[in-house]
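Peer 1: This is the structure I want to talk about, given as structure tokens.
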Amino acid sequence: MQKDDAKLELPNKEAVELAIKHGTLGQPVIDIQQLGHQGYFTFDPGFMSTASCKSAITFIDGDNGILLHRGYTIADLVQNSSYLELCYLLMNGELPDQTQSDNFSSEIRQHTLVHEQLRNFYSGFPRSSHPMAILCGVVGGLSAFYHDSLNIDNPEHRHIAAMRLIAKMPTIAAMAYKYSIGQPFVYPQNNMSYAENFLHMLFSVPAEPEERPDPILVNAMDRILILHADHEQNASTSTVRTAGSSAANPFACIAAGIAALWGPAHGGANEAVLNMLEEIGSENNIPKYIARAKDKSDPFRLMGFGHRVYKNFDPRAKLMQETCYEVLNHLDLLDDPLFKLAMKLEKIALQDEYFVEKKLYPNVDFYSGIVLRALKIPKSMYTAVFATSRTAGWVANWLEMLGQPPLRITRPRQLYTGHTQRPFVPIDKRT
Ligand code: CMC
């Protein structure tokens, strides 16, 4: 890393020299760690201007719509890779050779089952539970089953916990779906790819003759998994790092990530897009909803639009759009009214001055919900699919953080705006 300095003059005229750090790509960062000792904190709600860690996993150039995982473009990975190969890359830093790839896949396969006793967790949930509620509980609960991999200071424990999480997420998510519709849980099939096995566990019914999932739909699921696998220091990944910074166990950390992902501003957006499209209902209503999205007194936002980092286009959205056309064409759904409504809404928004001026473009979730709907995955499962995929990014970031000792607890400060010190008033003296 090269270094140069920035100078900050404090109100007492004292000058503080702050090192400027350069990564291999992207904006330089001003290292403000010493400011606290000078009696000042920085104020940056929502981390609009804060780099919270050093990472070598993912790079985003939001102005130019670039997303790199370990230096490879997302388009390159989508075209040439598979989800498990990407998991290996994110975790290990390099693409696997054939032997490494085979070993990695076979190790994942060893962990696809969940403990039979874990199946009992599900019956404690109402059938109407949101799958994300089940995921938060069940994934956190995994810590109770794997005492042999909870020592976070042991690299072997960290590795096996990471592999267990990646391997078990589709099983746990598919079980949440099966539970919600009252069907028996379907065991994983280890002769299938990760994406195929996920579709198998979601849609196979033991009483029906076994039919392998359609390869085009398997390919679409693999793309969905690749496109959501990691995304730099987003809210859920930062949450996983924050939980991990206190030395919490990996299953608890990933459960924290699942909770942060659930919100509609983050991973919950794919479900929210479909809810919004159903609410809009017809092309005639689009102007009314565009007007609502622009009205500051109305909390309504155009779901699937806008991004904290991408201010030109979301490269994942472009790739997801391709998959969307491929799947809808394959299933003869290009005339589907909801899809046509979505395309019309996108066209109108992209020409609207408000969206142009604020650089609000469709993000990956604008299209992913439409693809997932075509795959016959119910809306309530969309964010669970996202969580399954993002587990790769969460564990890669968690592993990276623990591999960069010393582990320092995430402990931000605040700008206090409450009362100054005051005496306690006994209840009979309060007015
Ligand atoms: N519809 C209408 N107005 C919007 C929207 C939208 N979808 N997104 C942002 N704006 C406006 C916002 O009101 C604000 O206006 P002003 O400057 O006048 O106050 C301006 O654009 C900047 O928005 P912001 O909320 O300050 O931006 P942010 O970086 O904090 O938020 C976001 C980014 C993704 C949370 C936001 O764009 C949003 O809520 N989008 C809809 C939800 C969504 O699709 N989320 C999925 C994100 S991609 C998947 C993932 O990685 O999680």
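The values are calculated or read from the model by the stated rules, or taken from the named source; none is laboratory data. In this text, all values refer to a predicted model and were calculated from it rather than measured experimentally. Note that we place each Cβ from the backbone using ideal geometry, even for glycine, and neighbour counts take in every protein chain shown. These accessible areas exclude ligands, DNA and RNA; they are computed on the full protein's heavy atoms, side chains included. Shrake-Rupley method; radii C 1.70, N 1.55, O 1.52, S 1.80 Å.
Peer 1: If you scan the range 260-279, which residues turn out to be surrounded by fewer than 19 Cβ atoms within 10 Å (Cβ to Cβ) and more than 11 Å from the ligand (Cβ to nearest atom)?
Peer 2: Of everything in the range 260-279, those that are surrounded by fewer than 19 Cβ atoms within 10 Å (Cβ to Cβ) and more than 11 Å from the ligand (Cβ to nearest atom) turn out to be 275, 278, 279.
Peer 1: Can you find even one residue in the range 349-362 that is under 28 Å from the mean Cα position of the chain (by Cα), among the aromatic types (Phe, Trp, Tyr) and open to solvent by 10 Å² or more (accessible area, probe 1.4 Å)? Give the steps one after another, and end with the answer.
Peer 2: Our first condition is that a residue be under 28 Å from the mean Cα position of the chain (by Cα); within the range 349-362, this holds for 349-350, 354-362.
Subsequent filtering for residues that are among the aromatic types (Phe, Trp, Tyr) retains 354-355, 361.
Imposing the further condition that a residue be open to solvent by 10 Å² or more (accessible area, probe 1.4 Å) reduces the set to 354, 361.
Yes, that holds for at least one residue.
Peer 1: Residues that are over 30 Å from residue 405 (Cα atoms) and either under 20 Å from the mean Cα position of the chain (by Cα) or buried (at least 17 other Cβ atoms within 10 Å of the Cβ) (or both): does the range 99-109 have at least one?
Peer 2: yes
Peer 1: Could you grab me the full set of residues in the range 387-410 that are open to solvent by 10 Å² or more (accessible area, probe 1.4 Å) and either small (Gly, Ala, Ser) or assigned to a helix (DSSP H, G or I) (or both)?
Peer 2: Of everything in the range 387-410, those that are open to solvent by 10 Å² or more (accessible area, probe 1.4 Å) and either small (Gly, Ala, Ser) or assigned to a helix (DSSP H, G or I) (or both) turn out to be 399, 400, 401, 402, 403.
Peer 1: With respect to the numbered conditions (1) under 30 Å from residue 134 (Cβ atoms); (2) within 16 Å of the ligand (Cβ to nearest atom), which one is the sole condition not fulfilled by residue 357?
Peer 2: Of everything listed in (1) under 30 Å from residue 134 (Cβ atoms); (2) within 16 Å of the ligand (Cβ to nearest atom), residue 357 misses just condition (1).
Peer 1: A further question follows. On the basis of being under 21 Å from the mean Cα position of the chain (by Cα) and modelled with pLDDT of 95 or more, does residue 161 make the cut? Lay out the reasoning, then the answer.
Peer 2: Details: under 21 Å from the mean Cα position of the chain (by Cα): yes; modelled with pLDDT of 95 or more: yes.
When the stated conditions are applied, residue 161 passes them.
Peer 1: Could you grab me the full set of residues in the range 216-233 that are open to solvent by less than 20 Å² (accessible area, probe 1.4 Å) and within 16 Å of the ligand (Cβ to nearest atom)?
Peer 2: Residues satisfying the conditions are 224, 225, 226, 227, 228, 229, 230, 231.
Peer 1: Also: Confirm whether residue 67 is under 23 Å from the mean Cα position of the chain (by Cα), farther than 22 Å from residue 252 by Cα and aliphatic (A, V, I, L, M).
Peer 2: Values: under 23 Å from the mean Cα position of the chain (by Cα): yes; farther than 22 Å from residue 252 by Cα: yes; aliphatic (A, V, I, L, M): yes.
Yes; evaluated as a whole, the condition is true for this residue.
Peer 1: Let me ask something else about it. Pick from the range 177-215 the residues that are closer than 20 Å to residue 84 by Cα and among the aromatic types (Phe, Trp, Tyr): which of them is most open to solvent (accessible area, probe 1.4 Å)? Give the derivation first.
Peer 2: Of all residues in the range 177-215, those closer than 20 Å to residue 84 by Cα come to 187-202, 212-215.
From what's left, among the aromatic types (Phe, Trp, Tyr): 187, 194, 198.
Details: 187: 108, 194: 25, 198: 0 Å².
Among them, the one singled out is 187.
Peer 1: Another one. Give the residues of the range 152-176 that are in a helix (DSSP H, G or I), open to solvent by less than 30 Å² (accessible area, probe 1.4 Å) and more than 14 Å from residue 139 (Cβ to Cβ), sorted by residue number. Working first, answer last.
Peer 2: As a first pass, look at the range 152-176 and keep what is in a helix (DSSP H, G or I): 155-176.
So of that shortlist, the ones also open to solvent by less than 30 Å² (accessible area, probe 1.4 Å) come out as 161-176.
Selection gives 163 alone.
Peer 1: Oh, and also: For the range 110-137, what are the residues that are among the hydrophobic types (A, V, I, L, M, F, W, C), open to solvent by less than 40 Å² (accessible area, probe 1.4 Å) and more than 23 Å from the chain's Cα centre (by Cα)?
Peer 2: The first filter runs over the range 110-137 and keeps only residues among the hydrophobic types (A, V, I, L, M, F, W, C), leaving 113-114, 118, 121, 125, 132-136.
From what is left, the residues that are open to solvent by less than 40 Å² (accessible area, probe 1.4 Å) are 114, 118, 132-136.
Scanning the range 110-137 gives a single hit, 118.
Peer 1: Determine which single condition residue 424 fails, assuming it passes every other condition in (1) farther than 30 Å from residue 200 by Cα; (2) open to solvent by 70 Å² or more (accessible area, probe 1.4 Å); (3) assigned by TED's automatic domain parsing to the domain that holds residue 219.
Peer 2: The one condition residue 424 does not meet is (3).
Peer 1: Could I ask something else about it? Restricting to the range 190-211, count the residues that are in contact (Cβ under 8 Å) with a residue 12 or more places away in the chain and part of a loop (DSSP other than H, G, I, E, B).
Peer 2: Looking only at the range 190-211, we keep the residues that are in contact (Cβ under 8 Å) with a residue 12 or more places away in the chain, and these are 190, 192-206.
After this cut, where a residue has to be part of a loop (DSSP other than H, G, I, E, B) as well, the list is 190, 192-193, 204-206.
Of the residues in the range 190-211, 6 are in contact (Cβ under 8 Å) with a residue 12 or more places away in the chain and part of a loop (DSSP other than H, G, I, E, B).
Peer 1: Let me ask another. What number of residues within the range 6-59 are part of a strand (DSSP E or B), surrounded by 12 or more Cβ atoms within 10 Å (Cβ to Cβ) and among the charged types (D, E, K, R)? Full working, then the answer.
Peer 2: At the first step, the residues of the range 6-59 found to be part of a strand (DSSP E or B) are 6-9, 15-21, 29-30, 58-59.
From what is left, the residues that are surrounded by 12 or more Cβ atoms within 10 Å (Cβ to Cβ) are 6, 8, 16, 18-21, 29-30, 58-59.
Now restrict to residues that are among the charged types (D, E, K, R): 21.
Final tally of qualifying residues: 1.
Peer 1: Can you tell me how many residues in the range 287-338 are more than 18 Å from the chain's Cα centre (by Cα), within 12 Å of the ligand (Cβ to nearest atom) and either of a type in the set (S, T, N, Q) or under 21 Å from residue 60 (Cβ atoms) (or both)?
Peer 2: Of the residues in that region, 2 qualify.
Peer 1: Name the pairs: first residue in the range 281-304 and free of Cβ contacts under 8 Å to residues at least 24 places away in the same chain, second residue within 12 Å of the ligand (Cβ to nearest atom) and acidic (Asp, Glu), Cβ to Cβ under 6 Å, at least 6 apart or on different chains?
Peer 2: If the second residue must be within 12 Å of the ligand (Cβ to nearest atom) and acidic (Asp, Glu), the pairs left are 292/298.
Peer 1: Okay, next question. Just checking, does the range 375-384 include any residue being free of Cβ contacts under 8 Å to residues at least 60 places away in the same chain, open to solvent by less than 40 Å² (accessible area, probe 1.4 Å) and within 13 Å of the ligand (Cβ to nearest atom)? Before the answer, list the steps.
Peer 2: Let us first name the residues in the range 375-384 that are free of Cβ contacts under 8 Å to residues at least 60 places away in the same chain, namely none.
So far as the range 375-384 goes, no, none of its residues is free of Cβ contacts under 8 Å to residues at least 60 places away in the same chain, open to solvent by less than 40 Å² (accessible area, probe 1.4 Å) and within 13 Å of the ligand (Cβ to nearest atom).
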